[in-house]
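Chemist: Could you have a look at this structure, given as C-alpha cells, before my questions?
Nothing in this text is a laboratory measurement; each read-out follows from the coordinates by a stated rule. Quantities reported herein were computed from a predicted structural model and do not represent experimental measurements. Note that each Cβ is placed from the backbone with ideal geometry, even for glycine, and that neighbours are counted across all protein chains shown.
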C-alpha cells in the first residue's frame, strides 16, 4: 500500500491536457475547479502554514492578485494543513504584517488534490507539498507547471510574465522568446514547407535572421 501511495503522490499531470478536476474545502468554503471555468487560474502549493518563506510568498501572491485579475486570472493556494490552520495563518499575516490574503487556500489534509497534481516530492519531503505552480487556462487546460524546492521562494515577476506570454500566444498565434516582456517582438511560428520558407524571408512585415527565425511587432 505504501508503494501505491508513493506512486499516486508522484503522478504528474501533463501539459495541454485537461487539468485534473476536484472539489475541496478551502478558506472560502467548498470550491470546485470547474467554478473557475471561463477564467485563468494559478493553483499553487506551499509546504506549510506559519513558515517564513511561505509567509513571504503568500504576501507576494496577494500583492499581484489585482494585476492577475486584470488579466482574467485567479489564484488558489494549497497545503496539507487544516482549514483552521489556514484561517489562523492568513489572519496572522494580516494582523502582524498588514497584508490581507484575497484568495482561497485549499485544506488538503488527505492529499487528494496534491496527489492529483503531483505536488508531493518524496525525495524532499513525504509530509509537505513542494512549491508548485500550475497555470490552468480559461478552458480548464493545464498550460504550465513550475516546481521550486522547499528552500527557494518563487518569483512573482516571472509568474506574471508567464501568464502574459501564454495569453499573447493564444490571442495572436505567436511564440515568445527568452526574457520576453509585453511590447517586445514576438516569434513568428516557423514555416513548414519550402515554399512557405521562401515566402517568409520576402515578407516585409517580419524581421528574419533566416527562414526559421523571424520576429515581428504586435
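Chemist: Measure out, as a whole number of angstrom, how far apart the alpha-carbon centroids of segment 167-200 and segment 31-67 sit.
Modeler: One Cα centre to the other: 31 Å.
Chemist: Run through the DSSP bridge list for the chain and note the antiparallel percent, rounded to the nearest 5.
Modeler: Close to 70 percent.
Chemist: Further question on the same structure: Mind checking the log10 I(q)/I(0) for the chain at q = 0.11, 0.15, 0.16 Å⁻¹? Debye, one equal scatterer per Cα, no solvent, two decimals.
Modeler: Scattering profile of the chain, log10 relative to I(0): -0.60, -0.97, -1.06.
Chemist: If you build a Gaussian network model of the chain, linking Cα atoms that sit under 10 Å apart, which residue out of 15, 43, 142 swings the most?
Modeler: 15
Chemist: Then there is this: Could you give the nm distance between label points at residue 51 and residue 192, where each point is 7 Å from its Cα heading toward the beta carbon?
Modeler: With each label point 7 Å from Cα toward Cβ, the separation is 4.4 nm.
Chemist: Where is the GNM fluctuation largest for the chain (alpha-carbon springs, 10 angstrom cutoff): 13, 47, 191?
Modeler: Comparing 13, 47, 191 in a Gaussian network model of the chain, the most mobile one is 191.
Chemist: Looking at the chain as a GNM with Cα springs under 10 Å, which of 84, 147, 117 has the largest mean-square fluctuation?
Modeler: For the chain, modelled as a Gaussian network with Cα springs under 10 Å, the answer is 84.
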